[in-house]
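Reading through the structure tokens given below for one structure.
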Amino acid sequence: MDTEALLIDGRTFVPARYVAEAFGATVRWKEEIKTVYIDTDDVGKVVDESDTREVAGFIVPKNIDLAVAGSREGSNYEATFTIAFLRKDVEKQKDDMEKILLQRLSEDTVKEIMGLVRTKVKDTDVIEERYFYDKKTGQYMYMPKSWPIRGSTITLYIYIKGYKPY
């Protein structure tokens with residue numbers, strides 16, 4: 001998540017986009033009427049493997065558990081990849097992430113990213129935050145700390161070309 005969860009009166013509040021996309025929904029914002037649309041039509045459906053979508057130059061199969069989302073207006077990243085430990089096959093999500101990242105990023109960068117991702121085997125394992133740089137695309141990436149909680153996630157943010165996060 002690019003923003004902190006809030007704990008108010010014993011309840012945890014997280015951004016709707018983060019939760020919806022983690023479960024495969026599509027989220028759209030209509031600025032003119034200040035409205036969020038969450039489309040769940042394809043969530044849980046079996047989709048033909050050749051059915052794909054494009055996200056920030058990546059070709060993403062629609063029938064995978066890995067959450068791949070484009071940027072939202074005003075953000076400094078172009079795509080996020082989220083592996084959710086509450087979803088059924090975490091190792092398949094990792095494999096899908098690797099295949100998709102290899103479409104645009106250098107093999108060395110993907111190897112470095114996936115080497116870190118694959119160290120988190122259980123949701124209680126911790127991955128410390130880390131930045132990556134891909135020489136092939138000239139882009140930075142950021143992986144925030146993956147906390148040791150039930151249902152944790154691993155998220156990778158790919159910054160827009162030319163943005164230097166630190």
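The values are calculated or read from the model by the stated rules, or taken from the named source; none is laboratory data. The shown structure was predicted, so the numbers you read here are calculated from the model rather than taken from an experiment. Counting neighbours? That spans all protein chains shown, and the Cβs are built from the backbone with ideal geometry, glycine included. For accessibility, only protein heavy atoms count, side chains too; no ligands or nucleic acids. Shrake-Rupley method; radii C 1.70, N 1.55, O 1.52, S 1.80 Å.
Whenever a residue of segment 127-138 is over 14 Å from I158 (Cβ atoms), its partners that are surrounded by fewer than 14 Cβ atoms within 10 Å (Cβ to Cβ), lying with C-beta atoms within less than 6 angstrom and at least six residues away or across chains, give the pairs E128/K145; E129/K145.
What single numbered condition from (1) open to solvent by 70 Å² or more (accessible area, probe 1.4 Å); (2) of a type in the set (D, E, K, R); (3) in contact with a Phe, Trp or Tyr (Cβ under 9 Å, 6 or more places away or on another chain); (4) modelled with pLDDT of 95 or more fails to hold for K164? Here K164 clears every test but (4).
Would it be correct to say that I149 is modelled with pLDDT under 90, open to solvent by 30 Å² or more (accessible area, probe 1.4 Å) and of a type in the set (A, V, I, L, M, F, W, C)?
Values: modelled with pLDDT under 90: yes; open to solvent by 30 Å² or more (accessible area, probe 1.4 Å): yes; of a type in the set (A, V, I, L, M, F, W, C): yes.
The answer is yes for I149.
When restricted to residues that are touching a Ser or Thr at 6+ places or on another chain (Cβ under 7 Å) and within 17 Å of R87 (Cα to Cα), segment 2-20 contains 0. Among the residues of segment 127-146, which ones are under 17 Å from the mean Cα position of the chain (by Cα) and loosely packed, with under 14 Cβ neighbours inside 10 Å? Selection gives E128, E129, Y131, K145. For residues that are at pLDDT below 80, within 19 Å of G70 (Cβ to Cβ) and of a type outside the set (V, I, T), tally how many sit in segment 1-56. Residues that pass the stated criteria total 20. The test for being more than 18 Å from the chain's Cα centre (by Cα) and open to solvent by less than 90 Å² (accessible area, probe 1.4 Å) does not hold for T155. Just one of G115, G57 is of a type in the set (G, A, S), loosely packed, with under 14 Cβ neighbours inside 10 Å and closer than 20 Å to G162 by Cα; which is it? The conditions single out G57.
The requirement of being under 13 Å from A67 (Cα atoms), touching an Asp or Glu at 6+ places or on another chain (Cβ under 9 Å) and acidic (D, E) is fulfilled somewhere in segment 79-94, by at least one residue.
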